[in-house]
Amino acid sequence: MTAHISAQVGDIADTVLLPGDPLRARWIAENFLTDAECYTEVRNMFGFTGTYKGRRVSVQGTGMGQPSASIYTHELLDVYGVETVVRVGSAGAIHDDIELRDVVAGIGASTNSSMNRIRFNGVVDYAPVADFGLLRAASDAAASRGIDLRVGQLYSSDTFYTDAPEVEKRLADYGVLAIEMEAAAIYTLAAKFGARALAVCTISDHVLKGTALPAEERQESFSEMVEIALDAVTA
């Protein structure tokens, strides 16, 4: 067991989906996994292991933001021997070509976090990227389901409420599709531990247009995101 995950080695599969919301972790386990069992409830950050298409898969809540996501990702990779992690969550579009309900996959993740600057002694702006094999599998899975998966760069921000919207507009000018809060840290840690990582997100709001999905309409779009992720890791 670790300080944050009350599981024994072997309780967690080698492939883990990482939603930020622990209740979404429970929803995924109840609706997509077979014979799912809860292996941790520490801090109400739920984790479950079950099967999908006959393969063991776990789902672990990480909380919001890179510091929280880093704790769970580090422990999963370092202590529990996890080999594949896929973030599944919501994102806010900043690009004109991205709409509500779109599903996006991050080929890379820019960030305003100082975590990697500290990691590399302030010398290198490390560029966290997804695993190509996972990204290709997600693209194939989306195509087989008739889903237009949008692939491009994400922006992992440490700030949810910003006082500098002009920065987001500039990021969009450079091709960044959407803002979320965890992918850059997850990609970085996967690289450190020699694991595979990907972020697949549903667009729940458009930051620059000021539009958002009503709560009752989110579940169907989130289902597409989870199905793509699960198909990709079991391909």
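The values are calculated or read from the model by the stated rules, or taken from the named source; none is laboratory data. A quick note: this is a predicted structure, and the numbers were derived from the prediction, not measured. Quick reminder, even Gly has a Cβ in these numbers, built from the backbone with ideal geometry, and neighbours come from all protein chains shown. Quick note on the areas: whole protein, heavy atoms, side chains included, nothing else; ligands and nucleic acids left out. Shrake-Rupley method; radii C 1.70, N 1.55, O 1.52, S 1.80 Å.
Of the set (1) hydrophobic (A, V, I, L, M, F, W, C); (2) free of Cβ contacts under 8 Å to residues at least 40 places away in the same chain; (3) touching a Ser or Thr at 6+ places or on another chain (Cβ under 8 Å), all apply to Cys38 but (3).
Have a look at Asp158, Asp205 and point out the one that is assigned to a loop (DSSP other than H, G, I, E, B) and closer than 23 Å to Ser68 by Cβ. I'd like the intermediate steps shown before the answer.
Values: Asp205 fails: assigned to a loop (DSSP other than H, G, I, E, B).
After applying the criteria, what remains is Asp158.
Restricting the search to strands (runs of 3 or more DSSP E) fully inside the range 16-64 and requiring at least 3 residues that are open to solvent by 10 Å² or more (accessible area, probe 1.4 Å) and more than 19 Å from Ala229 (Cα to Cα) gives 34-40. The combined condition, being touching a helix residue (DSSP H, G or I) at 6+ places or on another chain (Cβ under 6 Å) and closer than 23 Å to Leu134 by Cα, is fulfilled by Gly61.
Within the option set Ala191, Ala105, Ala199, Ala141, being among the hydrophobic types (A, V, I, L, M, F, W, C) and in contact with a Ser or Thr (Cβ under 8 Å, 6 or more places away or on another chain) holds for one residue only, Ala105. Selection of the range 210-235 for residues being in contact with a helix residue (DSSP H, G or I) (Cβ under 9 Å, 6 or more places away or on another chain) and not polar (S, T, N, Q) yields Leu213, Phe222, Glu224, Val226, Glu227, Ile228, Ala229, Leu230, Asp231, Ala232, Val233, Ala235.
With respect to the numbered conditions (1) open to solvent by less than 30 Å² (accessible area, probe 1.4 Å); (2) of a type in the set (Ser, Thr, Tyr); (3) not in a helix (DSSP H, G or I), which one is the sole condition not fulfilled by Thr73? Among (1) open to solvent by less than 30 Å² (accessible area, probe 1.4 Å); (2) of a type in the set (Ser, Thr, Tyr); (3) not in a helix (DSSP H, G or I), the lone unmet condition for Thr73 is (3). Among the conditions (1) farther than 18 Å from Leu100 by Cα; (2) surrounded by 15 or more Cβ atoms within 10 Å (Cβ to Cβ); (3) of a type in the set (S, T, N, Q), the only one that Gln153 does not satisfy is (1). For beta carbons closer than 8 Å, sequence separation of 6+ or different chains, a first residue in the range 162-186 that is among the basic types (Lys, Arg) and a second that is open to solvent by 30 Å² or more (accessible area, probe 1.4 Å) and at pLDDT below 95, the qualifying pairs are Lys169/Leu208. Of all the listed residues (Asp163, Asp140, Asp96), the sole one being out of contact with any strand residue (DSSP E or B) (no Cβ under 8 Å at 6 or more places or on another chain), open to solvent by 30 Å² or more (accessible area, probe 1.4 Å), of a type in the set (Asp, Glu) and not in a loop (DSSP other than H, G, I, E, B) is Asp140.
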